[in-house]
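The values are calculated or read from the model by the stated rules, or taken from the named source; none is laboratory data. Small disclaimer: the values here were computed from a predicted structure and weren't measured. Positions of Cβ are backbone-derived with ideal geometry, glycine not excepted, and every protein chain shown enters the neighbour counts.
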Amino acid sequence: MTTSETVLSCLEAGVLRLTLNRPDKLNSFNEEMHLALRAEIQRAHDDAVVRAVLLTGAGRGFCAGQDLGDRDPRKGGPAPDLGHTLETFYNPTLRLIRQLEKPVICAVNGVAAGAGANIALACDIVLAAKSAKFIQAFAKIGLIPDAGGTWSLARILGEPRAKALALTAEPLMAEKAADWGLIWKAVDDADLMAEATKLAESMAAGPTLGLGLTKRLIQSAATNSLDAQLDMERDLQQQAGRSADYAEGVTAFLEKRLARFTGK
Ligand code: LHQ
């Protein structure tokens with residue numbers, strides 16, 4: 001189903017499961033993997049059959065950020081334009097994940113470092129194996145946290161913890177990340193994929209339109225005034241109230257049965 005072996009893709013029960021697949025490099029990003037991931041997320045936008053995305057990594061790591069071998073400074077030549085790399089590769093994917101009006105679940109199966117950590121944090125619900133750790137590795141190589149890292153860390157954790165993680169590059173273990181509210185849950189390693197799959201499948205069987213509008217609202221809250229947010233809730237509830245899934249949800253409640261949502 002995928003055009004590149006660097007991102008394995010499989011669509012089952014409405015869940016598009018994407019597995020970053022360069023395990024010998026801890027799934028660090030090269031250009032091929034960037035483009036493959038972006039194409040898959042775009043497909044999740046375009047294909048109504050996809051009702052949730054589950055992102056994970058192959059092997060013992062989730063993702064170690066950019067492949068540092070790609071721009072070996074020992075080879076000489078002019079300094080690379082990393083701003084261009086962000087604009088061309090990372091930023092479009094980050095925006096697509098946030099704009100996708102379908103739940104994106106991330107199962108962090110092992111170390112998530114650099115941009116790999118921050119891509120995980122851009123997802124909607126993050127589960128991590130207890131052995132997984134999050135590392136803002138950038139300070140070790142003279143860079144700044146990118147892939148939305150300064151934004152999500154500061155917003156989720158506040159300045160004290162965001163600064164300490166970013167300035168020290170100390171690993172943050174999954175359970176502490178969950179305690180701090182940076183991720184949803186840390187689960188036993190052996191249970192991670194079963195739990196993440198169950199969650200993704202339940203999301204995919206849900207009222208996709210309403211879930212997508214909910215995602216949009218929550219993401220808007222930080223920059224909206226209460227007044228603006230109340231107006232937005234009014235408008236989007238009006239839209240949700242016209243959906244087939246609202247009619248089905250209420251009917252199922254009144255008939256004391258499980259709802260059969262179609263995502264419309
Ligand atoms: C790797 C990598 C890696 C290549 C492990 N690249 N091979 C954006 C704009 C443009 C450019 C610059 O970057 C960015 C954003 C960024 O993401 S910058 C941050 C890049 N990432 C890092 O600095 C993390 C580098 N990796 C590490 O610090 C460690 O590998 C961690 C802490 C993630 C895991 O440590 P270990 O569990 O001890 O594994 P390891 O270091 O032995 O790695 C296993 C293999 O994976 C190893 O290869 P080898 O052939 O020796 O077995 C590593 O070289 C390779 N690998 N990360 N980013």
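The table that follows gives values for the structure above.
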{"quantity": "One residue from G57, G83, G69 being small (G, A, S), loosely packed, with under 15 Cβ neighbours inside 10 Å and modelled with pLDDT of 95 or more", "calculated": "G83"}
{"quantity": "Checking G69 against (1) in contact with a Lys or Arg (Cβ under 8 Å, 6 or more places away or on another chain); (2) outside any helix (DSSP H, G or I); (3) in contact (Cβ under 8 Å) with a residue 12 or more places away in the chain; (4) within 22 Å of G142 (Cα to Cα), the condition it does not meet", "calculated": "(2)"}
{"quantity": "Qualifying residue in region 108-124 (condition: in contact with a Ser or Thr (Cβ under 7 Å, 6 or more places away or on another chain), farther than 21 Å from A166 by Cα, assigned by TED's automatic domain parsing to the domain that holds L172 and surrounded by 15 or more Cβ atoms within 10 Å (Cβ to Cβ))", "calculated": "yes"}
{"quantity": "Hey, T197 of a type in the set (S, T, N, Q), touching a Lys or Arg at 6+ places or on another chain (Cβ under 9 Å) and closer than 17 Å to A52 by Cβ or not", "calculated": "yes"}
{"quantity": "In region 13-64, residue nearest to A204 (Cα to Cα) [restricted to those that are among the acidic types (D, E) and more than 16 Å from the ligand (Cβ to nearest atom)]", "calculated": "D47"}
{"quantity": "Members of region 89-98 that are out of contact with any strand residue (DSSP E or B) (no Cβ under 7 Å at 6 or more places or on another chain) and away from the ligand (no atom under 15 Å from the Cβ)", "calculated": "R95, L96, R98"}
{"quantity": "Scope region 216-232; condition under 19 Å from C123 (Cα atoms), surrounded by 10 or more Cβ atoms within 10 Å (Cβ to Cβ) and in contact with a Lys or Arg (Cβ under 9 Å, 6 or more places away or on another chain); matching residues", "calculated": "Q219"}
{"quantity": "Verdict on R43 being surrounded by fewer than 20 Cβ atoms within 10 Å (Cβ to Cβ), farther than 25 Å from T150 by Cβ and free of Cβ contacts under 8 Å to residues at least 12 places away in the same chain", "calculated": "no"}
{"quantity": "A117 being within 11 Å of the ligand (Cβ to nearest atom), closer than 20 Å to T93 by Cα and in contact (Cβ under 8 Å) with a residue 40 or more places away in the chain", "calculated": "yes"}
{"quantity": "Some residue of region 143-151 being within 16 Å of the ligand (Cβ to nearest atom), over 20 Å from L18 (Cβ atoms), of a type in the set (A, V, I, L, M, F, W, C) and in a helix (DSSP H, G or I)", "calculated": "yes"}
{"quantity": "Selection within region 27-54 - part of a loop (DSSP other than H, G, I, E, B) and in contact with a helix residue (DSSP H, G or I) (Cβ under 8 Å, 6 or more places away or on another chain)", "calculated": "N27, S28, N30, V50, R51"}
{"quantity": "Test: residue in region 126-133 that is in the same structural domain as F89 (by TED's automatic domain parsing), closer than 16 Å to T56 by Cβ and surrounded by fewer than 18 Cβ atoms within 10 Å (Cβ to Cβ)", "calculated": "yes"}
{"quantity": "Where L86 falls short, out of the listed (1) assigned to a loop (DSSP other than H, G, I, E, B); (2) touching a residue at least 60 places away in the same chain (Cβ under 8 Å); (3) within 15 Å of the ligand (Cβ to nearest atom)", "calculated": "(1)"}
{"quantity": "Some residue of region 99-106 being more than 13 Å from the ligand (Cβ to nearest atom), in the same structural domain as L20 (by TED's automatic domain parsing), under 30 Å from L217 (Cβ atoms) and assigned to a helix (DSSP H, G or I)", "calculated": "yes"}
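Each row is one residue, and each column tells you yes or no for (1) more than 22 Å from the chain's Cα centre (by Cα); (2) farther than 23 Å from A113 by Cα; (3) not in a helix (DSSP H, G or I).
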site	(1), (2), (3)
L167	yes, no, no
K215	no, yes, no
T223	no, yes, yes
A259	yes, yes, yes
